[in-house]
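The following block contains the structure, expressed as structure tokens.
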Amino acid sequence: MNHSVTVSTAAPSNPDRFGLPHRLIVRKQILSILNVSRTTLWRIMANDTTFPQPVTLNTTKSQWILSEVLAWAEGTRTTRAN
């Protein structure tokens with residue numbers, strides 16, 4: 001039996017400025033990306049009005065747009081470097 005796999009090389013539809021599709025991520029992934037604790041993330045979300053707002057899927061589940069979190073992190077690093 002011959003099973004072939006076709007890999008699409010087409011660009012994702014509506015990519016963001018990082019070339020990524022608009023992908024949703026959960027809080028645990030944000031902690032990993034930013035390398036911060038849950039408490040630190042909570043403080044950032046409570047005190048930094050520039051941090052991306054979550055996309056609320058239902059009353060118990062919130063997710064964030066990956067490109068917005070990456071852009072925020074990039075902006076924070078740039079600001080601290082100056």
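The values are calculated or read from the model by the stated rules, or taken from the named source; none is laboratory data. These numbers were taken from a predicted model, which means no experiment stands behind them. Virtual Cβ from ideal backbone geometry, glycine too; neighbours counted across all protein chains shown.
(1) out of contact with any Leu (no Cβ under 7 Å at 6 or more places or on another chain); (2) modelled with pLDDT of 65 or more; (3) buried (at least 16 other Cβ atoms within 10 Å of the Cβ): which one isn't true of Gln63, the others all being true?
(1)
For region 42-81, enumerate the residues that are assigned to a helix (DSSP H, G or I), within 12 Å of Ile25 (Cα to Cα) and not aliphatic (A, V, I, L, M).
Matches in region 42-81: Ser67, Glu68.
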